1. I need the P(r) histogram for segment 14-66: all alpha carbon pairs, bin width 10 Å from 0 out to the longest distance, whole percents.
2. If you stretched the chain out fully between MET43 and ASN74, how much longer would it get, using 0.36 nm times the residue separation minus the C-alpha to C-alpha distance?
3. Charges on Cβ only, +1 for Lys and Arg, -1 for Asp and Glu, centred on the Cα centroid of segment 1-75; of SER18, ILE53, ASN75, which one is farthest towards the dipole's positive end?
4. Can you pull out the trypsin sites (Lys or Arg not before Pro) in segment 1-51 whose DSSP state is coil and whose Cβ has at most 11 other Cβ atoms within 10 Å?
5. Provide the descending list of Cα extents for segment 1-44 along its principal axes, expressed in whole angstroms.
6. Scaled to the compact-protein estimate 2.2 N^0.38 Å, what is the alpha-carbon radius of gyration of the chain, rounded to two decimal places?
7. Let's test the formula: R0 of 30 Å, r as the Cβ-Cβ distance of GLN26 and PHE61. What FRET efficiency results, to the nearest 0.05?
8. Before rounding to the nearest 500, sum -39500 (n - 2.57) across all DSSP H runs of length at least 4 in the chain and divide by the residue total; then give [θ] at 222 nm in deg cm²/dmol.
Amino acid sequence: MSYEDIPGLIGVYKISGSTITKVYGQDLKLNSEKLLNILMENMRIGEEESRKIGLGSFMGFAMILDNLGIAYLNNTIILVDAVKTNWSKVVKELEKGVISV
């Protein structure tokens, strides 16, 4: 499977420092600085909560904003139509870690 096979895929993006680069799909139609801030804040919160309850390393997360699905892992972002997607495929693709710029 590859990210092209994810139903409802909007795009795949890679974070490098404070820059978000499109890897595949549509151009980012969100303010990239705001998106990056939201992702980093969610990672910070997730890491704190993971530590509190003893889950070990916190690697990433998925969330839905309106109908936009956002999955983040290993500095890779996948944006999908949250209603049309198959979340198992999204997570499996992120776990592969094969997406590179």
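1. Once binned at 10 Å, the Cα pair distances of segment 14-66 give 20, 46, 26, 7.
2. Taking 0.36 nm per residue and subtracting the Cα distance, the gain is 10.0 nm.
3. SER18
4. When the trypsin sites (Lys or Arg not before Pro) of segment 1-51 are filtered for loop state and at most 11 Cβ neighbours within 10 Å, LYS29 remain.
5. Here the spans come out as 30, 20, 17 Å, largest first.
6. Output field value: 1.04.
7. Calculated value: 0.85.
8. Value at 222 nm, helices only, nearest 500: -10000 deg cm²/dmol.
Laboratory data are not the source of any read-out in this text; all were calculated from the coordinates shown. Given the structure is predicted, the values throughout are model-derived calculations rather than measurements. Counting neighbours? That spans all protein chains shown, and the Cβs are built from the backbone with ideal geometry, glycine included.
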